[in-house]
Amino acid sequence: MKTQNRRFPSLEELKAAAAGRWPEIHAALGIAPECLNPRKHCPCPYCGGRDRYRYTDFQGSGGFICNQCTPDGGSGFDLLMLVYGYD
C-alpha cells in the first residue's frame, strides 16, 4: 500500500484563500445568518446578549466585535475559534 505525502496549506495560504469569502465560509460552518450582517448588531454567537455583537468583515477578513467577550475584535479565524472552541 502506497503512502501519500499530503501537504497541508500554510496559514498564509489559508488566509489568502479565505480573503473576501468569510461570510460564505462562516455560513457554511454554521454561524447563524443574522450574525453575518455587517449592518446590524445582534446577540453574540458565543456569549449572547441582545445587541453587543457586530460582524464587520473589515477588508474581507471576517472581522467581528463583541463588546463583552472580544472588545478588541477578531478575524474570521478568531470567530470560528471562539464559537466552536477550535485552536
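Can you tell me which residues in the range 43-64 are at pLDDT 95 or above, open to solvent by less than 40 Å² (accessible area, probe 1.4 Å) and either in contact with a Lys or Arg (Cβ under 8 Å, 6 or more places away or on another chain) or farther than 20 Å from L14 by Cα (or both)? Answer for the range 43-64, where residues must be at pLDDT 95 or above, open to solvent by less than 40 Å² (accessible area, probe 1.4 Å) and either in contact with a Lys or Arg (Cβ under 8 Å, 6 or more places away or on another chain) or farther than 20 Å from L14 by Cα (or both): C44, Y53, Y55, F64. Cβ-Cβ contacts under 8 Å between residues 6 or more apart (or on different chains), taken from a first residue in the range 74-87 that is more than 13 Å from C47 (Cα to Cα) to a second residue that is open to solvent by less than 60 Å² (accessible area, probe 1.4 Å) and among the polar types (S, T, N, Q), are listed as S75/S61; G76/S61; D78/T70. Being within 15 Å of V83 (Cα to Cα) and of a type in the set (D, E, K, R) holds for only one residue in R54, R39, and it is R54.
Taking the listed residues S10, S75, the one that is among the hydroxyl-bearing types (S, T, Y) and more than 13 Å from the chain's Cα centre (by Cα) is S10, with no other qualifying. One residue alone among G20, G30 is in a loop (DSSP other than H, G, I, E, B), under 13 Å from G62 (Cα atoms) and out of contact with any strand residue (DSSP E or B) (no Cβ under 9 Å at 6 or more places or on another chain), and that residue is G20. Taking the range 39-72 as the range and being at negative phi, within 11 Å of the chain's Cα centre (by Cα) and not in a strand (DSSP E or B) as the test, the residues that pass are P45, T56, S61, G63.
The values are calculated or read from the model by the stated rules, or taken from the named source; none is laboratory data. Keep in mind that this is a model prediction, so the values were computed, not measured. Cβ: placed from backbone, ideal geometry, glycine included. Neighbour counts: every protein chain shown. With ligands, DNA and RNA removed, areas are computed over all heavy atoms of the protein, side chains included. Shrake-Rupley method; radii C 1.70, N 1.55, O 1.52, S 1.80 Å.
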